[in-house]
Amino acid sequence: MNVKTLLMAAAAYAPRVMQISRKTWLLIGGTLLLILVLLTWLVFASAQWLFHQGRDAAHEIVNHAPGISQAVIGQVENVAPGAKEKLAGVLDGLAIKTTAPREVGGTDIAPVPRFAGLVRTAWDKSGSAHYEGKADMTQMLAHYNKEFTQQDFIETKISSTQESEVLEYIKNQERYRLTSMQKSASLVQLKMEKLQE
């Protein structure tokens, strides 16, 4: 088809298009706009879902990589004795370095002993400290409950989810907020704040 034929076809259909009522055009435009909004929402929701799936998968890979590599090395050693020594240089270069959190300066915020296994990873003189370590969140919370209640503090549960819990301990004018998170099966993070009245 050439341009002249296209223009003639458009001129033939133009009067029919002009006869469509304004209501119909508004309905068609509104429907197309709704479809566009829904498709945009679908793209953003899918991207967010994929991001969270990837983040969780990467977290699991990092946590289990040392165990998997040890299992593979053990199988290789069974099949080819002495291969472990030959591949040691290569495997050391590929190993994921995981270091334990380092204790930072500062003081513990609360008047109770710190749960065994937790390391202070951040401290602020305004009255907050962050702790991290290998522990079970239930045991850690039971420890702090016992220690605070022995000193006549009253526990108030602020919020609770599968992975986190926020508690406040109050006695007279003293208030402490503990925000705990179970980051993995064996890793716990705790934020402790001394709240001002």
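What the table shows:
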{"read-out": "Exclusive hit being touching a residue at least 24 places away in the same chain (Cβ under 8 Å) and charged (D, E, K, R), set GLU168, GLU163, GLU155", "value": "GLU168"}
{"read-out": "Count of residues meeting criterion [surrounded by 12 or more Cβ atoms within 10 Å (Cβ to Cβ), in a loop (DSSP other than H, G, I, E, B) and modelled with pLDDT of 90 or more] in region 147-186", "value": "2"}
{"read-out": "Verdict on TYR144 being part of a strand (DSSP E or B) and either out of contact with any strand residue (DSSP E or B) (no Cβ under 8 Å at 6 or more places or on another chain) or among the hydroxyl-bearing types (Ser, Thr, Tyr) (or both)", "value": "no"}
{"read-out": "Out of ALA47, ALA57, sole residue that is under 30 Å from LYS183 (Cα atoms), open to solvent by less than 70 Å² (accessible area, probe 1.4 Å), part of a helix (DSSP H, G or I) and modelled with pLDDT of 80 or more", "value": "ALA47"}
{"read-out": "Count of residues meeting criterion [open to solvent by 50 Å² or more (accessible area, probe 1.4 Å), part of a loop (DSSP other than H, G, I, E, B) and touching a strand residue (DSSP E or B) at 6+ places or on another chain (Cβ under 7 Å)] in region 120-141", "value": "0"}
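The values are calculated or read from the model by the stated rules, or taken from the named source; none is laboratory data. Remember, it's a predicted structure, so these values are computed and weren't measured experimentally. Positions of Cβ are backbone-derived with ideal geometry, glycine not excepted, and every protein chain shown enters the neighbour counts. Note: accessible area is taken over every heavy atom of the protein model, side chains too, but ligands, DNA and RNA are not part of it. Shrake-Rupley method; radii C 1.70, N 1.55, O 1.52, S 1.80 Å.
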